Amino acid sequence: MTARKPGRHALAFVLVTILIDTIGFGIIIPVIPELIMDLSGEPISAAAGYGGMILFSFAAAHFIFAPVMGNLADRFGRRPILLISLLALGIDYLIMAFAPSLFWLFLGRIFAGMFGATLATANAYVTDVSPPEKRAQNFGLTGAAWGLGFIIGPVIGGFLGEMGPRIPFFVAAGVAFINVAYGFLVLPETLKDQDRRTFEWKRANPIGALAHFRAYPVLLGLAGATILFQLAHDANPAVFTYFAIHQFGWGEREIGFALSFVGVTVIFSQTVLIRWTVSQFGEVNSAFIGLAVAAIGFAALGMATTAWMAYLALIPVALMGLAMPAIRSLMTARVPDNAQGELQGALSSLKGLTMIAAPLLMTQLFRTFTAEDTPLHLPGAPYFAAAFLMISAALVLTRYARNNS
């Protein structure tokens, strides 16, 4: 398909796509623990272990197939790959909605991981339509769209979950299919014909994708910071619902409100705050601020024993949203236009690696330190690990800045 002129609304189109996609995802989060407990008959600590393995199955499939989708986006354009990803997500939600056993939950997540290129393709869209000096701010807007979806989705999921743990999955499937229809009707193609390149299997695999960073040595330090950041970041999606149920006795509605609060703070950090920090301190320092403040927030969340302490800690945690838009902008500025899809695929592979490791690490830490026979009861252990990882990412970024000053 020949690229249509994106026009000034192209960015708005992709932001709406991300928003609808995230609403669907946010709807199911508050009810996943209950569904796992219903299907397994296990208590919350054991359910967290199963939840970690389900996330692992998604991440492993995503790690293998994300480079394929990224390279296909450089060959055939952003639009068809994005539509295929959204359609697969809707099918995944239906599989999980009808799941008669844990096996079907695993199957649905593996299917979604194979075709899950929504955010990577959306980020390639943003690169296509943004001048270099605006990329950090526009990547921030994609994070804000994600945050807005996280305001709306979990609240809806919390209320729907009170009707039954499967209802939110049906609604999420409907939202995903609406997004497919929206994208088919209005989403423009932004990759120009002259910027397309031949699909190559040697580049469309996890090893080939990660070798992409070797082709651009300046990216290696940023890739290291990205890995550490994502490992820490994934603590929240991996264990927050289980942590909140165990530590505060929250139900689906309370979890939904808390996740919506995270969405509000993410929107603020990635729309208002990032514009100020990038203009005042530059992209590297903006990312460093986000990493350092998030480390403090994760440590505070790990120590929280009441609801108000958790809400207070979630504010600095959400400011980690300053980090990745700035880091991603630094990367895109060092890669040619016809390799932006490959870069996003490589970043998705990095994220896939962390999504393989983080759910197992974080949920097993939670399971170990909340089990009835544990010698040390420490539900916040995953968040203390996340704080350490954020500090490590900040140190790697500092070394990158020193070597490239």
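Scan region 76-95 for residues that are more than 20 Å from the chain's Cα centre (by Cα) and either under 20 Å from Phe170 (Cβ atoms) or part of a loop (DSSP other than H, G, I, E, B) (or both) and report the count. Final tally of qualifying residues: 3.
Would region 200-222 turn up any residue that is at negative phi and at pLDDT 80 or above?
Taking every residue of region 200-222 in turn, at least one turns out to be at negative phi and at pLDDT 80 or above.
For Phe268, the test of being surrounded by 18 or more Cβ atoms within 10 Å (Cβ to Cβ), aromatic (Phe, Trp, Tyr) and under 20 Å from the mean Cα position of the chain (by Cα) is failed. Of the residues making up region 259-291, those that are aliphatic (A, V, I, L, M), under 26 Å from Ile23 (Cα atoms) and in contact with a Gly (Cβ under 9 Å, 6 or more places away or on another chain) are Leu259, Val262, Val264, Val266, Ile267, Leu273, Ile274. Among the residues of region 270-296, those that are closer than 15 Å to Pro316 by Cα and either in contact (Cβ under 8 Å) with a residue 60 or more places away in the chain or of a type in the set (Asp, Glu) (or both) comprise Gln270, Ile274, Ser286, Ala287, Phe288, Leu291, Ala292, Ala294, Ala295, Ile296. When you check Phe384 against the structure, is it in a helix (DSSP H, G or I) and free of Cβ contacts under 8 Å to residues at least 60 places away in the same chain, yes or no? The answer is no for Phe384.
Of the residues screened, Phe257 is not one that is over 30 Å from Pro168 (Cβ atoms) and of a type in the set (A, V, I, L, M, F, W, C).
Every test in (1) touching a Pro at 6+ places or on another chain (Cβ under 8 Å); (2) surrounded by fewer than 17 Cβ atoms within 10 Å (Cβ to Cβ) is passed by Arg79 save one, and that test is (2). Scanning region 290-332 for residues that are surrounded by 20 or more Cβ atoms within 10 Å (Cβ to Cβ) and β-branched (Val, Ile, Thr) yields Val293, Val317, Ile327, Thr332.
Could you list, in sequence order, all residues of region 39-60 that are under 15 Å from Ala346 (Cα atoms) and buried (at least 20 other Cβ atoms within 10 Å of the Cβ)?
First pass over region 39-60, keeping only residues under 15 Å from Ala346 (Cα atoms): 59-60.
Ala59, the sole residue that qualifies.
Restricting region 333-356 to residues that are surrounded by 23 or more Cβ atoms within 10 Å (Cβ to Cβ) and more than 16 Å from the chain's Cα centre (by Cα), the residue that is modelled with the highest pLDDT is Leu343. Selection of first residues in region 239-257 that are of a type in the set (Lys, Arg) and of second residues that are at pLDDT below 90 and assigned to a helix (DSSP H, G or I), restricted to Cβ pairs under 9 Å at least 6 apart or on distinct chains, gives the following pairs, ordered by first then second residue: Arg253/Pro30; Arg253/Val155; Arg253/Gly158; Arg253/Phe159; Arg253/Gly161. Selection within region 172-194: residues that are surrounded by fewer than 19 Cβ atoms within 10 Å (Cβ to Cβ) and among the hydrophobic types (A, V, I, L, M, F, W, C). The member of this set that is nearest to Ile20 (Cα to Cα) is Ile178. Residues that are touching a helix residue (DSSP H, G or I) at 6+ places or on another chain (Cβ under 6 Å) and within 20 Å of Ile27 (Cα to Cα) number at least 3 in the following helices (runs of 4 or more DSSP H) confined to region 112-189: 135-161, 167-186. State yes or no: is Leu397 at pLDDT below 90 and crowded, with 16+ Cβ neighbours inside 10 Å? Yes: the conditions hold for Leu397.
Criterion first (of a type in the set (Val, Ile, Thr), closer than 23 Å to Lys351 by Cα, out of contact with any Pro (no Cβ under 7 Å at 6 or more places or on another chain) and at pLDDT 85 or above) does Ile178 satisfy it? For Ile178, the condition - of a type in the set (Val, Ile, Thr), closer than 23 Å to Lys351 by Cα, out of contact with any Pro (no Cβ under 7 Å at 6 or more places or on another chain) and at pLDDT 85 or above - is not met. Within region 95-126, the set of residues being of a type in the set (Ser, Thr, Tyr) and either closer than 30 Å to Ser329 by Cβ or surrounded by 18 or more Cβ atoms within 10 Å (Cβ to Cβ) (or both) comprises Thr118, Thr121, Tyr125. Determine, yes or no, whether Leu35 is closer than 28 Å to Leu365 by Cβ, touching a residue at least 24 places away in the same chain (Cβ under 8 Å) and buried (at least 23 other Cβ atoms within 10 Å of the Cβ). Yes.
Filter region 230-257 down to residues that are surrounded by fewer than 23 Cβ atoms within 10 Å (Cβ to Cβ) and of a type in the set (A, V, I, L, M) and give me whichever is farthest from Pro33 (Cα to Cα). Ranking the qualifying residues of region 230-257, first place goes to Ala244.
The values are calculated or read from the model by the stated rules, or taken from the named source; none is laboratory data. All of these numbers come straight from a predicted model, not from anything done at the bench. All Cβ positions, glycine included, derive from the backbone under ideal geometry; neighbour counts span all protein chains shown.
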